[in-house]
Amino acid sequence: MRKIIIDCDPGQDDAIALLLAFGAADRLDILGITTVAGNVPLALTEKNARKLRELAGREDVPVMAGCERPFLRKLVTAEYIHGETGLDGADLPEPRLPLDPRHGVDFIIETLLGEEPGTVTLCPTGPLTNIAMAFVRAPQIMPRVKEIVLMGGGWAEGNVTPVAEFNIYVDPHAAAVVFGSGIPITMLGLDVTHKALVGEAHLRQWRALGTPVGDAAAGLLDFYSRYDRERYGVPGAPLHDPCVIAYLLAPELFSGRMCNVTIETASELTMGQTVIDWWRVTDRPANAHVITDIDADGFFALLLSALKTL
Ligand code: BDR
Ligand code: CA
């Protein structure tokens, strides 16, 4: 059993990441879900996480709200992709269970101090505000983290600006703290997530499960795919955040390279760019395993088998 904390901003693709993790209950011990402002404001991301845990019948997993804005910059949200609720496309009931009263950052700190050193993996799928805040507030937790497996950044492209990916762009200063932490990082950025395209055939398979989870997953991604289909003219939409959980479960589906990744925080033009030294043209030490390739068929098979269990 691998112990993880999922730090997220659901968001339809975060939702599928959560369902994939819930569906791997025999392999992943989800210690808690912390939420952050990102795709939609914090009041919605925390509520959405609670809706999803109830959809999956995983009321045992605590959900905490974390930071409601980035370190320095004004919050940027993405309702143009995710809809006003963040989970448009599925009509999930209001959650019955309340939020855990602990602050998300306190939960991250207390959990890392309470668990054996080197046993907890942090899995951020939103802006890195909570994670960085925990490191700034309690730096003694940093050597206790096993590793960070995150969705963010990109070598070759951006999706908010020509060079910046949303999660890093929203809180580049937090990202700079995380990438400067010295903790082992695996980065699943746009290079790989744009190869994990969900299409109509996948949605049909999920609907055919005939379960509330299958219907919700298909509805969410049908809505979410519209933007990408229109914007990029591709047949499917990138399933960014589930790549994080899939990597934990089946790292053999992915490949990449150890590189130095440095976050741009000075230039407004390139703010939030993950400057990746793929060809090792600097002497900056490698600080991240940058993933660029995926066996997409294997990934969707893994996802389908997890959804079947819920
Ligand atoms: C990332 O941004 C968000 O919109 C998605 O949830 C994902 O985490 C992709 O750039
Ligand atoms: Ca996300």
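The values are calculated or read from the model by the stated rules, or taken from the named source; none is laboratory data. Keep in mind the model is a prediction, meaning the values are calculated, not measured. Please note: Cβ atoms are built from the backbone with ideal geometry, for glycine as well, and neighbour counts cover all protein chains shown. Heads up: the accessible areas ignore ligands, DNA and RNA and are worked out on the full protein's heavy atoms, side chains in. Shrake-Rupley method; radii C 1.70, N 1.55, O 1.52, S 1.80 Å.
Of the whole protein surface, residue 1 contributes about 150 Å² of accessible area at a 1.4 Å probe radius. With contacts taken as Cα pairs under 8 Å at a separation of at least 6 residues, the stretch 2-308 carries a relative contact order of 20 percent. Considering the stretch 2-308 at the alpha-carbon level, its Rg and Dmax are found to be 17.6, 54 Å. Excluding ligands, DNA and RNA, the accessible surface per residue across the stretch 2-308 is 38 Å² with a 1.4 Å probe. Take 205-217, 7-19 and order them by the average number of nearby Cβ atoms within 10 Å per residue, most first; the result is 7-19, 205-217.
If you sort 46, 115, 110 by accessible surface, 1.4 Å probe, largest first, the order is 110, 115, 46. When nucleic acids and ligands are ignored and a 1.4 Å probe is applied, residue 3 ends up with an accessible area of around 60 Å².
With the helix formula -39500 (n - 2.57) applied to DSSP H stretches of n ≥ 4, the chain reaches a computed 222 nm mean residue ellipticity of -11000 deg cm²/dmol.
Could you order peptides 277-284, 142-149, 182-189 by the average number of other Cβ atoms within 10 Å of their residues, highest first? Please list the in-between numbers first.
Numbers: 277-284: 11.4, 142-149: 18.6, 182-189: 21.8.
My ranking of the peptides, most packed first, is 182-189, 142-149, 277-284.
Normalized C-alpha radius of gyration of the stretch 43-106, against 2.2 N^0.38 Å?
On the way: Rg = 13.0 Å, N = 64, 2.2 N^0.38 = 10.7 Å.
Relative to the 2.2 N^0.38 Å estimate, the stretch 43-106 comes out at 1.21.
Share of carbon and sulfur in the accessible area of the chain stands at 54%, probe radius 1.4 Å. Listed by chain and number, the lysines whose alpha-carbon sits under 24 Å from that of residue 51, ignoring those within fewer than 8 places in the same chain, are 3, 308.
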